[in-house]
């Protein structure tokens, strides 16, 4: 009887240890995955976020400029209460809701922040995840070409969130998490690859409803998308 009890005790302890190990692995993976995005905020920006959240009662920790788990959870609570996408990341919409201007956004120059990369990858994933890799780079290139154009907003977030500019923003697909292909395509476009030859528009001729878009000069067709200037 004593041996059976001892064996049962060891089994229970082993089970708890296994669950604990799995939890640690999962937490480490999730934490490292999020950290790539959150690294876009500078220490000064993080302190600003922490101060605002502390004043509003969402954050109880120290204003130290470190985007740790406590800050992330406070951001998630703020997003939930304000009907934003709950991802724990201070992206353009969350920053706007907080009354914060994120510096380091692209303005046509060579410098772009990790927030820009993340948002560009999200748009690529939402708009072109069914396209070839070149087609994904092409969508990212159009967004960057618009940033450079005087006819559009001069930031990546401004271009993407311009009213009715992208179907994926209107239907909520912009909130999907981008995959590695979308990240790679966004980086390649940021590094200068433009398969569209300067296009500032693209459309799917099968689903397009605007007759105006057909008046634009086509530069290239890649997959299901026609690119135009």
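Values quoted throughout were computed directly from the atomic coordinates according to the rules given, and no laboratory measurement underlies them. Owing to the predicted nature of the structure, the values given are computational and were not obtained by experimental measurement. Cβ sites come from the backbone with ideal geometry, for glycine too, and all protein chains shown count toward neighbours.
Things worth noting here:
- Per-residue extension of 0.36 nm, minus the Cα-Cα distance of residue 187 and residue 114, leaves a gain of 25.2 nm for this segment.
- Inter-site label distance for residue 55 and residue 217 at 7 Å from Cα along Cβ, in nm: 5.1 nm
- Region 114-228 shape via C-alpha gyration tensor axes, a/c threshold 1.5: rounded
- Residue order, fewest to most surrounding Cβ atoms within 10 angstrom, among 131, 177: 177, 131
- Spread over its residues, the convex hull of the C-alpha atoms of region 42-103 is 69 Å³ per residue.
- If you sort the three axes of the alpha carbon gyration tensor as a ≥ b ≥ c, you get a/c of 1.5 or more for region 121-175 and a/b no higher than b/c, which makes it oblate.
- Its relative contact order, with pairs defined as Cα atoms under 8 Å and 6+ residues apart, puts region 52-174 at 17 percent.
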